[in-house]
Amino acid sequence: MRYLEFKNGDRVASLGLGTWKSAPGEVYDAVRTAIKIGYRHIDCAAVYGNEAEIGKAFADAFKDGDVKREELWVTSKLWNTAHKKDDVRPALEQTLKDLQLDYLDLYLIHWPIAMKPGAGFPQSADDFLTLAEAPLEDTWQEMEAAQADGLVRHIGVSNFNIATIELIAQSAKVMPEMNQVEMHPFLPQHKLVNYCQSKGIHLTAYSPLGSSDRPRKQENEPSLMGHEVVKTIADAQGVTAAQVLLAWQVNRGVAVIPKSTNEGRLKQNLEAASIELSEDQMKHLNDLNESFRYIDGTIWTIEGSPYALEDLWEF
Ligand code: A2P
């Protein structure tokens, strides 16, 4: 296993378990199994609606001696409806309660987009708050306070581009330590990766396999696992296409969090972290860039929304 190291010497395993879309009734078993077979990095978020079930899995794993709290890395994320100064701490406390933990290893601002408390996913422009109404700098200050108070060990962001990182950097006491974004060979994010790494910000890749189990799919999405280049490298290495996609991430020095609730695929994905790809294979995968986003962000830009895709993404 490779690790990403933080400035204070803490390390996170490069390959973790994603829990977005892991259904209630399934995610408990997925987390218990993952921990038993060696996963030490679990990625969660309040909006996934399954933190209480994951918390039960953690509690039972600690009780049964599968893992110690200090051996496990747990990430969670602040939802868009809790960006206002007074709303950050209660949201974090709810997540800690649900996960049955007294601290998180990493807490991220989920999106650089603010919504009114109670709004859920946006139904109309009325559900949004503008950045002037809920400044990201204020939200970040509360993230820093949570870290200073020991509720979270590390703080970062998700779905931030260079501009939104620079916005909070202007007043930040602590720079974000992580940016979690969509990445795969169709969206390698070379520019954002170079920028973040030059600033000492680690990256985590979400939707590394294309998240084919998600709602709101686009028409005619390209298939990562079905791509000829990926399949050819898989055959040459004697591994699966999914493993090639995960190994590419680990080999380029970012973390990756494939979701699975299936024991065979959980094992396969963890094993991918030990696959070495050649320079040539890495180059072929790096060159597959199509600037294609499975998560296209249009949910945030409905009629009348104060947010635009040009402000959200790094192009
Ligand atoms: P399952 O949970 O049944 O294994 P992403 O991580 O990009 O969001 O993708 C998750 C999707 O990919 C899920 O549908 C998951 O299904 C599937 N998946 C996870 N691991 C593999 C694998 N090794 N091979 C094929 N499909 C996989």
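Quick rundown of the values:
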| quantity | calculated |
| --- | --- |
| The listed residue being within 13 Å of the ligand (Cβ to nearest atom), open to solvent by less than 60 Å² (accessible area, probe 1.4 Å) and at pLDDT 95 or above, out of Gly16, Gly38, Gly9 | Gly16 |
| Subset of region 261-275 that is outside any helix (DSSP H, G or I) and either open to solvent by 10 Å² or more (accessible area, probe 1.4 Å) or modelled with pLDDT under 95 (or both) - its residue that is farthest from the ligand (Cβ to nearest atom) | Ser274 |
| Residue check, Glu279 acidic (Asp, Glu), over 19 Å from the mean Cα position of the chain (by Cα) and under 30 Å from Asp126 (Cβ atoms) | no |
| Residues (crowded, with 19+ Cβ neighbours inside 10 Å and either charged (D, E, K, R) or under 19 Å from Pro112 (Cα atoms) (or both)) located in region 136-154 | Leu136, Thr139, Trp140, Glu142, Met143, Ala146, His154 |
| Close pairs from region 26-39: first in contact (Cβ under 8 Å) with a residue 40 or more places away in the chain, partner part of a helix (DSSP H, G or I) and open to solvent by 60 Å² or more (accessible area, probe 1.4 Å), Cβ under 7 Å, at least 6 apart | Thr33/Glu263; Ile37/Lys267 |
| Subset tally (residues that are crowded, with 23+ Cβ neighbours inside 10 Å, closer than 17 Å to Ile42 by Cα and touching a helix residue (DSSP H, G or I) at 6+ places or on another chain (Cβ under 7 Å)) for region 105-120 | 2 |
| Residue count, region 201-260 (criterion: open to solvent by less than 40 Å² (accessible area, probe 1.4 Å), more than 13 Å from the ligand (Cβ to nearest atom) and part of a loop (DSSP other than H, G, I, E, B)) | 4 |
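The values are calculated or read from the model by the stated rules, or taken from the named source; none is laboratory data. Just so it is clear, the structure is predicted and the values come from calculations on it, not from any experiment. With ideal geometry, Cβ positions are generated from the backbone for all residues, glycine too; neighbour counts draw on all protein chains shown. What goes into the accessible areas is simple: the full protein's heavy atoms, side chains included, and nothing from ligands, DNA or RNA. Shrake-Rupley method; radii C 1.70, N 1.55, O 1.52, S 1.80 Å.
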